[in-house]
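Right, one structure below, let's go through it.
The values are calculated or read from the model by the stated rules, or taken from the named source; none is laboratory data. Computed from a predicted structure; not experimentally measured. Ideal geometry is used to build each Cβ from the backbone, glycine not excepted, and the neighbour counts take in all protein chains shown. The area values use the complete protein model at the heavy-atom level, side chains included, leaving out ligands, DNA and RNA. Shrake-Rupley method; radii C 1.70, N 1.55, O 1.52, S 1.80 Å.
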Amino acid sequence: MTQSEINGILEKIVFQSPETGFSVFVVKVNSKESVTVRGTFPSLHQGEHVNLRGRWVKHPKFGQQFEASECISKLPSSVQGIKKYLASGLIKGIGPKFAERIVEVFGENTLEIIDNNPERLHSVGGIGEKRVSLIIQAWKEQKEISRVMVFLQDKDISTGFAAKIFKTYGQESIAKIQENPYRLVEDIWGVGFKSADSVALKLGFEINSLFRIKAGILFFLSEASTDGHLYGELESIRNNTLKLLGLDDSSLALIKRALHDLFEEQKIKLLTFQDKHYLSLPKYYFSEKGVANKILRLKDHKDELKFDFEAIYKTLQKKDSRRILLNEDQQKGILTCLQNKVTIITGGPGTGKTTLLKKLLDVLEETKVRFALAAPTGRAAKRMFEGTGRNAQTLHRLLEFSPTIMDFTKNEQNALDVDYLIVDEASMIDVFLMHAILRAMPFRGRLLLIGDIDQLPSVGAGNILGDLISSGVVEVAFLKQIFRQAQDSLIIVNAHKINNGEFPISREDSSRRDFKYLEEDIPENIFGHLKKIYTVDFPRKGIDPKEAIVLCPMNRGVAGTNRINQELQMILNPQKDPDKEIMRFGQAYRVNDRVMQIRNNYDKFIFNGDIGFIEDINKIDQEIKICFGERTLTYDFSELNELVLSYAISIHKSQGSEFKVVIVSIFMQHFIMLRRNLIYTALTRAKEFCYFVGEARAIAMGIKNDKDIERNTFLNEFLTTDLEAR
């Protein structure tokens, strides 16, 4: 097909995808004529002079357009072009107002001065020392980012990650990618193996090179941990690596050689159990083995705490100053905690875990035992404080995480100065956090884990609470009796019904009608229900929408978090001021939006699952301010892929949280995720009211399915046998 060519000034960017680079923009080809252009390019900015090659096409809705396959851009030379270029948001620190001032002073020489003599910017009125430094740094970074983006343009790495790559590698970006493109997966959050592999192949790596095969094996073992596994069966690893790399059985010998090399290089561990071979990354194996070893050593260590059990038992059988009388399970649970070095307390909602804990703390205080309270998340720690009246903190704060060393400073050489450590929401703790807790435990100390074994297992790898209980090595107190006052709550009654495999009920003799089921068979109709709940029910009940959340089994689909977030944003926070809205990764972010952090960011000390509200958007400095409780953090626009809207979140992400009102979306389109512990976890996140919206058969199917996905872990075996890897 005949290629055409057009030249002109890039007048306006209509649409630009940070992920793919696909853009729709308007080019002014002469004083009277403008052309709409579409194409995929790594970097475009208003005011640039562009030379485009491509073909003319007719869009069914928008008419004739130019589909460009090549774009060569030059810096603008005219005063007007330079103004547009600087005002486009290209350079942090320069918006329309400052662009106008700078160009008024320097005219057509503006870009040359910024490039070569930036100190002259001090002569522009209203631009202070701090802003000049910001502009100089941003200009340097932009030049390098553009170079990186051009390099990556034909290697299937999205333009949205170019800034991330530069932020990580700086001036060495291209050199490091050329040396080992697979490092992108580990070093740059958000870059997947397929993208890195595409870069590698285009850089000349052979499809069956040992380097590529070893990278594939390590990636598969790492990726398995996202499903909770710490080990992969050897046969499965072989087959999945072939599939991942697009190889056939003729490459099995190469797989075998790659596995041998990785083993010799101590990059994988081999474990044999019941005539099957399993592989693991060393950090996974040593973490789980370390958990088992420390628990066994703690149990064997001489117990230095002494209690008057006869006096304590008499106290437990009486009502305390709060007029609370413990039931038999709670009394037994407290005595178990006082008699053992490692104990687990587990039970569903309304069974008195918090009451037991308060009474235990009374005993510890009376006997002058030094204790600490902690939980995996800030919200869980806050609830622990509210429930007990004693100070509680996150495990990261307790263990003193240091971003400098990317590790906890509390460890074997710098142990916690406590006699008793009590950790709530233990079902959330993965193998790495548990290993860190135990490393910091003094041998004289005792550990109490409190959690609900019927909830979902941890989002992170491992099956700590389940494996500890099933091993029989750790003493466990099960709380099963529902307190009379708790029986009045349909949330609690239904939680136990679900655990027993029964369908929840909406109406029963109850003074608290805190549960409602809205049956709906068509997923698209959920938006009508949500609109009524938020705009009619909530105002009538005096509920602030900020205190409610929608929980979904999945992110994708009509009734998943992604679509529901967009709909609720339109209902609760429609666009009012374009200057207070930013589009990134196909999503609009606005002031007052509720957002959630989706990865641990140790520099900001903010963690996966933390929820906050956008306070301000500054397009000139390319920053967003987000309030997370009592802390306000600043995010660069390039960091927005760490955030998602959180009017709706996945049920997995809600673990350890509690919300005043919870709305649960459950449809057959979620069938692959529907399990009893998922529905149970969603319901028990509600503090005052819970709606179920969805198909009865989907809810029934989930409740019936009480088989959770089995995780490849060996903590049970490490605790009960002499099993070791090599």
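In terms of packing, defined here as the mean over residues of other Cβ atoms within 10 angstrom, the peptides 197-203, 538-544, 234-240 line up highest first as 197-203, 234-240, 538-544. Pairwise Cα distances in segment 444-542 exceed 15 Å for 76 percent of all pairs.
Extension gain, Ser506 to Gln137: 0.36 nm times the residue separation minus the Cα-Cα distance gives 126.8 nm. Report note on the peptides 55-66, 133-144, 366-377: ranked by the mean count of other C-beta atoms within 10 Å, highest first, their order is 366-377, 133-144, 55-66.
Short to long, the 5 Å bins of the Cα pair-distance histogram for segment 396-457 hold 4, 18, 26, 25, 15, 9, 3, 0 percent of all pairs. Put a plus charge on the Cβ of each Lys and Arg, a minus charge on the Cβ of each Asp and Glu, and nothing anywhere else: the dipole of segment 113-267 about its Cα centre is then about 500 debye. Separation of segment 407-432 and segment 703-719, taken as the distance between their Cα centroids, equals 23 angstrom. A crude spin-label estimate for the pair Asn391 and Leu75, with each label 7 Å from Cα along the Cβ direction, gives 5.6 nm.
What net charge do the residues around Ile649 carry, taking every other residue with its C-beta under 12 Å from that of Ile649, with Lys and Arg at +1 and Asp and Glu at -1? Result for the neighbourhood of Ile649: +2. Note on Asp275 and Phe211: with the Förster distance fixed at 41 Å, the Cβ-Cβ geometry gives a FRET efficiency of about 0.80.
Across segment 9-117, Cα pairs under 8 Å and at least six residues apart give a relative contact order of 19 percent. Rounded to 0.05, the FRET efficiency of the Leu252 and Asp187 pair, given R0 = 25 Å and the Cβ-Cβ distance, is 0.25. Each of Glu615 and Glu304 was given a label point 7 Å from its Cα along the Cα-to-Cβ line. The distance between the two points is 4.4 nm.
The simple spin-label model puts a point 7 Å past each Cα toward its Cβ; for Val105 and Asp261 those points are separated by 5.7 nm. Let me make sure I get this right: for segment 572-726, a, b and c are the square roots of the gyration tensor eigenvalues over alpha carbons, sorted descending. Under 1.5 in a/c it's rounded, otherwise prolate if a/b > b/c, else oblate. Which is it? Since a/c reaches 1.5 but b/c is at least a/b, the shape of segment 572-726 is classed as oblate. Given R0 = 41 Å, the distance between the Cβ atoms of Lys12 and Asp407 translates into a calculated FRET efficiency of 0.25.
May I ask what percent, to the nearest 5, of DSSP beta bridges between residues of the chain are antiparallel? Antiparallel: roughly 60 percent of the beta bridges in the chain.
Near Leu456, the amide H atoms lying under 5 Å from its own belong to Thr681; only residues 5 or more places off or on other chains count, and H is placed 1.01 Å from N. The fraction of accessible area contributed by carbon and sulfur in the chain is 48 percent, rounded to a whole number (1.4 Å probe; ligands and nucleic acids excluded).
Reducing segment 226-295 and segment 1-78 to their Cα centroids gives an inter-centroid distance of 49 Å. Of the residues Ile549, Leu568, Pro539, the one whose Cα sits farthest toward the positive end of the charge dipole of segment 497-568, with +1 on the Cβ of Lys and Arg and -1 on the Cβ of Asp and Glu, is Pro539.
Over the chain, accessible surface divided per residue gives 47 Å², non-protein components excluded, 1.4 Å probe. Which distance in Å, rounded to a whole number, links the C-alpha centroids of segment 659-676 and segment 541-591? After rounding, the separation between the Cα centres reads 18 Å. Full extension of the segment from Asn180 to Asn600, taken as 0.36 nm per residue of separation minus the current Cα-Cα distance, would add 148.7 nm. Our summary gives segment 418-522 a relative contact order of 22 percent, counting only alpha carbon pairs under 8 angstrom and 6 or more residues apart. Computed extension length for Lys546-Asp227: 111.7 nm, one decimal, from 0.36 nm per residue of separation with the Cα-Cα distance subtracted. Two decimals is fine: what is log10 I(q)/I(0) at q = 0.06, 0.09, 0.11 Å⁻¹ for the chain, from a Debye sum with one equal scatterer on every Cα and no solvent? Ignoring solvent entirely, the Cα scatterers give -0.45, -0.97, -1.32.
When the charge dipole of segment 50-159 is built from unit charges on Cβ atoms (+1 for Lys and Arg, -1 for Asp and Glu) and taken about the Cα centre, the candidate among Leu90, Trp56, Asn116 whose Cα reaches farthest toward its positive end is Trp56.
The charge dipole of the chain, taken about the Cα centre with unit charges on the Cβ atoms of Lys, Arg (+1) and Asp, Glu (-1), comes to about 1080 debye, rounded to the nearest 20. As a length-normalised measure over Cα pairs under 8 Å and 6 or more apart, the relative contact order of the chain settles at 11 percent.
Derived scalar couplings between HN and Hα for segment 359-366 equal 5, 4, 5, 4, 5, 5, 5, 5 Hz in order, rounded to whole Hz, by the Karplus curve 6.51 cos²θ - 1.76 cosθ + 1.60 (θ = phi - 60°), x for Gly and Pro.
Kindly provide the GluC sites (Glu not before Pro) of segment 660-726 that DSSP labels as loop, not H, G, I, E or B, and whose Cβ sees at most 13 other Cβ atoms within 10 Å. For GluC sites (Glu not before Pro) across segment 660-726 that sit outside H, G, I, E and B with at most 13 neighbouring Cβ atoms in 10 Å, the list reads Glu710, Glu724. Each of Leu715, Val191, Pro376 was scored by the projection of its Cα onto the charge dipole of the chain, and the greatest displacement toward the positive side belongs to Pro376; charges sit on the C-beta of Lys, Arg, Asp and Glu.
Taking a point 7 angstrom from the Cα of Thr634 along the C-beta vector, which residues in segment 586-612 have backbone N less than 17 Å away? Only 603-606 fall inside the zone, counting backbone N under 17 Å. Scaling against 2.2 N^0.38 Å puts the C-alpha radius of gyration of segment 1-136 at 1.17.
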